[in-house]
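This report concerns only the one structure given below.
The values are calculated or read from the model by the stated rules, or taken from the named source; none is laboratory data. Not measured: the values here are computed from a predicted model. Cβ coordinates were reconstructed from backbone atoms using ideal geometry, including for glycine residues, and neighbour counts include every protein chain displayed.
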């Protein structure tokens, strides 16, 4: 393809994307396909000869869209958001088209330097303690990782490095293997499944400590667990506290956990994957109070800050432990930041790295701090609007306090009505919500996800929920039979809800508490 | 930004990228900046108010380009390529703009299904044994990872899972921790640094076995090492064989290594990060003969197959070990592929995953199998052209056989002339080549990287190399003084070459053999 053809093709794709976004509200948010649908639409081998861009672009609508779950539809209220914004999309295209790899300063100076600067901009915008920033004298700094899961794992490896070094100094007669076999990590029973996975990958047992009635991990619970383990000869190494849990957007009590971690020399990692974005607004920062005790902090601009996936922003107070954990040269690097730039290949698992800082630069400049604050507040207000509908209707109850843009609600009484409501919502495919459970109660998670969401979308979702509740509580025989037969004629709703509940349980780690849903 | 503004902005960015590509040949491939240059060009905080897209896009040229190493310049011959093609760039933009996350089938059916199908297309195109493909009955299948480093690490975790299970069955009295502490991995001294890193991250010692005079790992070397370790009570678990090493593009002898691994129940992972792309051409497939013994195979379409970073294609013969290593539910999944789709979140480290299969779909369709074959052959022919210049000049020698598009050459004699040549080339910034060493000999790696490369670029590079050699061997005092003073007036060349050599040593793990270069 020559450049002239690319100009045509690229612009047609821009128009396609613009049209797609403009029609998102009208597209069914959940696709109506069975597993294996794609095999009937495309051949099972690559073509021998080239096809035209017109054919391929046309097939996006014909082949791709029927199987698409529209994460940026204003009717998508599942999981947490997958951010998209036009500035970010354009930056992604430019980054792809330039194709530089910034694994060291030399391999593309701007790739490293823009990342350093953007992580400073972003850290300041969030009000992070300055020890985390690269622009201060100390060994702190920020780096873009691919996801919060990866950041949790990277934190674990750095923690392992730090603790192992410390214990080897304290006990020169202990072997490195013996020390590593005794390391132990902690998180709450509300932590994302990726925290458990980090423990699994890093061969460090991860204790899931019970959260309090507001789903928060408390200091006393952690202290008790640490002391018990210490008595048994284990070595507490790593704590993952969550700000904005996947289940209910709860915030662990950093002010209680932090001093314990510092006192016990345990690495405190803060996983603020979703909630972190809200800290661009000063009125939410009380929820991260105690962050100054943390050793590392991560949040996903690719969730709620208009930067498309992937872009997970991680800061550490002392980058030397990271570098030591990852540097295959295993040389202890003195910290001489003056005039030096970080070698980001030693801050991450892979060697190669894309120019993702460009997305942050485009988004922060084209929205400005105020624009991003407005965006967060707008989203939170929409959630409040939806919460209001629920609170004003006696048939429903709010499960946990709504702090950000996640509303957890259910139908009053036992779980059967909520379960039926979920079945009906999924069968109709008008809105995408997902199920979760807390303390035996089945509830519905409703997240304001899409940047396209407006007041009318909250009304739409509420109308959909409310009408289904009416069908459940006041069944009109004729109508009900029709609806039920529509449901039963399709095998998908049952599959869907089972899959969705399984997905969510896996994702937010509530599996032990989840009642069996058949 | 509204949709209409995006149409303008997106199209302006398409034009910018087209212009950038059209002017790549004229841009200096290596930037002329000092560390910290960016701080003088942009503010140290994000703007309060939004800026216009015109300002931001304009700053790409003013701020970004001066610090850019142009990986897709036809004068870039360092490392291995970072692929770019127009179809891939457009697919990347669409994927970003749609923003779906396919961590399970349900979260976007097409995201999983297109990946399954594209990995089948690609596997067939490479002539991989069909046990690796998802379209056969067995438990094999392909998945897109973010990089070859990650794939190596993922393979290690799956190997650990398989060996641990097997040993626990064989020795029910051994503890899991004891077994894991005895596991051991092997690779050659030519393996990429990421292989060492995988061992480090996965807490499995990685032995770097000596390669033969053609830089290949041989069966007898592996067998000897395995048997020695077995005698000492260790448990051989994982072998990483490289097809196309970073240093010299050597190919380990899979036909020798494979039967040993199978016999010893050791997981054999093939890292064909660079070379894998060449197997779309049947005439290169003899270099992967023995691949049928492998348990996993990975190569990077984002290197030499026109798919932009990231897109690393990994296949496994038995995906159940992967799923077990990553599934936090720890449930042994029976293999019931009929009608089922893989849950890719259990095939990788992070939870979230982008819709990268779209890039493969666009590239394979718009080039066709023949187009991709032509592209590989074109690149290899250009390398042959460059090799011819070197071979026809008595001042130079070829270091290792040229099998693909990497030419390893040096000036005859001790290392001093080659070192001076490298200094001169870097000081002039006309072409980007990097240094490497093998068996005490310093040499220059010249890779045909950019898809823009033509015969005239080989001539250009050769002229640059040849003229510098003439300056070294036949110094004309006046002229030489001028050149030398130009070099000395800048502090960067010295920094650059030291950094580059360090980078490369770190990357391809030749550090033990590298002579000190000051």
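You will find that of B:122, B:101, the residue that is touching a residue at least 12 places away in the same chain (Cβ under 8 Å) and more than 23 Å from the chain's Cα centre (by Cα) is B:101 and no other.
Examine the range B:35-47 for a residue that is over 18 Å from residue A:357 (Cβ atoms), facing chain A (nearest Cβ under 8 Å) and either assigned to a helix (DSSP H, G or I) or in contact with a helix residue (DSSP H, G or I) (Cβ under 7 Å, 6 or more places away or on another chain) (or both), and state whether such a residue exists.
To start, the set of residues in the range B:35-47 that are over 18 Å from residue A:357 (Cβ atoms) comprises none.
Taking every residue of the range B:35-47 in turn, none turns out to be over 18 Å from residue A:357 (Cβ atoms), facing chain A (nearest Cβ under 8 Å) and either assigned to a helix (DSSP H, G or I) or in contact with a helix residue (DSSP H, G or I) (Cβ under 7 Å, 6 or more places away or on another chain) (or both).
Counted as qualifying within the range A:350-462 are the strands (runs of 3 or more DSSP E) with 3 or more residues that are under 21 Å from the mean Cα position of the chain (by Cα), namely A:406-411, A:434-438, A:441-447.
State whether the residues of the range A:134-150 include one that is more than 19 Å from residue A:360 (Cβ to Cβ) and within 10 Å of another protein chain (Cβ to nearest Cβ). Full working, then the answer.
To start, the set of residues in the range A:134-150 that are more than 19 Å from residue A:360 (Cβ to Cβ) comprises A:136-139, A:149.
Restricting the remaining residues to those that are within 10 Å of another protein chain (Cβ to nearest Cβ) gives A:149.
For the range A:134-150, residues more than 19 Å from residue A:360 (Cβ to Cβ) and within 10 Å of another protein chain (Cβ to nearest Cβ): present.
With a cut-off of at least 2 residues that are buried (at least 24 other Cβ atoms within 10 Å of the Cβ) and at pLDDT 95 or above, name the helices (runs of 4 or more DSSP H) lying wholly within the range B:235-336. Give the derivation first.
Details: elements: B:254-263, B:301-304, B:319-326.
Counting at least 2 such residues, we get B:254-263, B:301-304.
Taking the conditions (1) at pLDDT 95 or above; (2) touching a helix residue (DSSP H, G or I) at 6+ places or on another chain (Cβ under 7 Å); (3) facing chain A (nearest Cβ under 9 Å) in turn, residue B:124 satisfies each one other than (2).
Okay, residues lined up against (1) under 21 Å from residue A:307 (Cβ atoms); (2) modelled with pLDDT of 95 or more:
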{"position": "B:34", "(1), (2)": "no, no"}
{"position": "B:46", "(1), (2)": "yes, yes"}
{"position": "B:104", "(1), (2)": "no, no"}
{"position": "B:115", "(1), (2)": "no, yes"}
{"position": "B:129", "(1), (2)": "no, yes"}
{"position": "B:134", "(1), (2)": "no, no"}
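If I filter the range B:181-207 down to residues being within 16 Å of residue B:436 (Cβ to Cβ) and within 14 Å of chain A (Cβ to nearest Cβ), which single residue comes out as farthest from the chain's Cα centre (by Cα)?
We begin by selecting, within the range B:181-207, every residue within 16 Å of residue B:436 (Cβ to Cβ); these are B:188-193.
This time we only want the ones that are within 14 Å of chain A (Cβ to nearest Cβ), so: B:189, B:191-193.
On the way: B:189: 17, B:191: 12, B:192: 9, B:193: 11 Å.
Within the range B:181-207, the match that is farthest from the chain's Cα centre (by Cα) is B:189.
Conditions tested, residue by residue: (1) within 8 Å of chain B (Cβ to nearest Cβ); (2) closer than 26 Å to residue B:280 by Cβ.
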position: A:19; (1), (2): no, no
position: A:23; (1), (2): no, no
position: A:56; (1), (2): yes, yes
position: A:64; (1), (2): yes, yes
position: A:84; (1), (2): yes, no
position: A:90; (1), (2): yes, no
position: A:99; (1), (2): yes, yes
position: A:109; (1), (2): yes, no
position: A:119; (1), (2): no, no
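A residue that is within 11 Å of chain B (Cβ to nearest Cβ), in contact (Cβ under 8 Å) with a residue 24 or more places away in the chain, touching a helix residue (DSSP H, G or I) at 6+ places or on another chain (Cβ under 9 Å) and assigned to a helix (DSSP H, G or I) occurs nowhere in the range A:211-234. In the set A:129, A:172, only one residue is surrounded by fewer than 23 Cβ atoms within 10 Å (Cβ to Cβ), away from every other protein chain (no Cβ under 11 Å), touching a residue at least 40 places away in the same chain (Cβ under 8 Å) and more than 20 Å from the chain's Cα centre (by Cα); that residue is A:129.
Can you confirm whether the range B:1-10 contains a residue that is at pLDDT below 95 and out of contact with any helix residue (DSSP H, G or I) (no Cβ under 6 Å at 6 or more places or on another chain)? Walk me through it before giving the result.
Of the range B:1-10, the ones at pLDDT below 95 are B:1-2.
Add one more test, that the residue is out of contact with any helix residue (DSSP H, G or I) (no Cβ under 6 Å at 6 or more places or on another chain), and what stays is B:2.
Scanning the range B:1-10 turns up at least one residue that is at pLDDT below 95 and out of contact with any helix residue (DSSP H, G or I) (no Cβ under 6 Å at 6 or more places or on another chain).
Answer yes or no: is there a residue in the range A:159-168 that is surrounded by 21 or more Cβ atoms within 10 Å (Cβ to Cβ), in contact (Cβ under 8 Å) with a residue 24 or more places away in the chain and at the interface with chain B (Cβ under 8 Å from one of its Cβ atoms). The answer is no; no qualifying residue exists. Would you be able to say whether some residue in the range B:11-26 is at pLDDT 95 or above and not in a helix (DSSP H, G or I)? Taking every residue of the range B:11-26 in turn, at least one turns out to be at pLDDT 95 or above and not in a helix (DSSP H, G or I). Only a single criterion out of (1) modelled with pLDDT of 95 or more; (2) facing chain B (nearest Cβ under 8 Å); (3) surrounded by 15 or more Cβ atoms within 10 Å (Cβ to Cβ) is not satisfied by residue A:74, namely (2).
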